[in-house]
């Protein structure tokens with residue numbers, strides 16, 4: 001271990017991908033803060049990841065950055081001035097060290113090079129590739145590349161002596177956001193009878209998205225068979241998707257799509273009894289606020305690596321020979337999800353609701 005880490009007064013934490021990825025790193029962020037309570041922590045993250053960062057009391061500041069090496073769809077303009085400006089911004093902040101969090105199939109080296117160019121003297125990351133002097137501490141995980149993302153992040157910071165007494169995800173939902181979410185439900189006439197279930201049909205990756213027609217059938221069965229109150233959610237880019245689900249349904253569901261800030265969305269999940277969604281950020285939001293999850297988990301990623309952390313949950317999928325493909329668009333008709341019937345989803349929901357003591361018509 002390098003003793004200079006324990007002398008740091010300002011550290012840069014780096015997680016440049018999606019909302020769920022940032023949430024799964026929060027126990028590691030907490031370990032750094034718990035070990036060095038007087039150290040200022042700044043997170044360098046994506047425009048999506050910043051939503052979780054702003055509700056994290058362990059972080060003192062956030063810098064938003066769209067990194068070209070994280071541009072999954074090739075949509076960023078080819079303009080190196082963006083990187084040169086970021087180097088100068090980081091240089092001006094005079095960080096003592098940078099901790100670079102990545103999944104096992106990602107490389108920390110581009111971010112390490114950014115930190116190197118910015119003059120950040122300590123650079124910690126996990127890499128199976130040779131890093132030269134870009135990483136001052138390189139951690140390898142050859143024993144289990146599919147370890148859970150929470151464990152992976154914790155092991156990274158433990159390599160330099162950061163420890164925590166809690167491995168819970170960190171997401172602090174303001175009471176004002178919770179009050180707003182409750183008022184939304186009341187305004188929509190959502191009563192008190194029956195479990196409150198959030199159904200979130202969207203996902204940023206098509207290969208990980210359960211068919212919208214089946215989400216509509218799931219929502220109907222939640223109402224008809226279990227007596228649930230259903231709220232459909234989604235961001236501003238998912239208005240059409242949620243609209244299709246709502247129009248396909250026979251039963252009434254409240255739509256909160258595009259009507260809530262991220263804090264209010266998290267608050268809505270926190271006051272719900274269950275979330276039904278794909279393997280996407282809201283599954284980890286639910287885990288962070290302690291709400292059980294039925295996770296329609298396409299096998300593009302290893303289940304053990306990305307399952308909801310620390311809450312009762314069910315992962316639903318069918319085994320396929322092309323599992324762990326990491327594809328963004330499935331060329332085979334999503335066989336790992338196509339075999340999951342809406343009745344399977346509702347059965348899993350009934351099991352979870354019974355497990356946490358919520359009465360349903362099925363119970």
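So the values come out like this:
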quantity	calculated
Scope region 115-129; condition farther than 19 Å from residue 152 by Cα and surrounded by fewer than 24 Cβ atoms within 10 Å (Cβ to Cβ); matching residues	116, 117, 118, 119, 120, 121, 122
Total residues in region 17-55, condition closer than 17 Å to residue 89 by Cβ, more than 12 Å from the chain's Cα centre (by Cα) and buried (at least 20 other Cβ atoms within 10 Å of the Cβ)	6
Any hit, region 170-191, residues being within 21 Å of residue 279 (Cα to Cα) and at pLDDT 95 or above	yes
Check on residue 133, under 19 Å from residue 43 (Cβ atoms), touching a helix residue (DSSP H, G or I) at 6+ places or on another chain (Cβ under 9 Å) and surrounded by fewer than 23 Cβ atoms within 10 Å (Cβ to Cβ)	no
Complete set of residues in region 290-300 that are buried (at least 21 other Cβ atoms within 10 Å of the Cβ) and either more than 17 Å from residue 202 (Cα to Cα) or at pLDDT 95 or above (or both)	291, 292, 293, 294, 295, 296
Test: residue 138 is in contact with a strand residue (DSSP E or B) (Cβ under 9 Å, 6 or more places away or on another chain), free of Cβ contacts under 8 Å to residues at least 60 places away in the same chain and either more than 30 Å from residue 333 (Cβ to Cβ) or outside the structural domain of residue 344 (by TED's automatic domain parsing) (or both)	yes
Selected residue [free of Cβ contacts under 8 Å to residues at least 12 places away in the same chain and under 21 Å from the mean Cα position of the chain (by Cα)] from 151, 170	151
Residue within region 77-97 that is under 22 Å from the mean Cα position of the chain (by Cα) and in the same structural domain as residue 147 (by TED's automatic domain parsing) present	no
Residue under evaluation residue 66, criteria (1) at negative phi; (2) touching a residue at least 40 places away in the same chain (Cβ under 8 Å), criterion not met	(2)
Test: residue in region 279-286 that is touching a strand residue (DSSP E or B) at 6+ places or on another chain (Cβ under 7 Å) and modelled with pLDDT under 95	yes
Hey, residue 133 assigned to a loop (DSSP other than H, G, I, E, B) and outside the structural domain of residue 265 (by TED's automatic domain parsing) or not	yes
Residue count, region 99-114 (criterion: assigned to a loop (DSSP other than H, G, I, E, B) and crowded, with 18+ Cβ neighbours inside 10 Å)	5
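The values are calculated or read from the model by the stated rules, or taken from the named source; none is laboratory data. Bear in mind the structure is a predicted one, so any value in this text is a computation, not a measurement. Neighbour counts run over all protein chains shown; Cβ positions are idealised from the backbone, glycine included.
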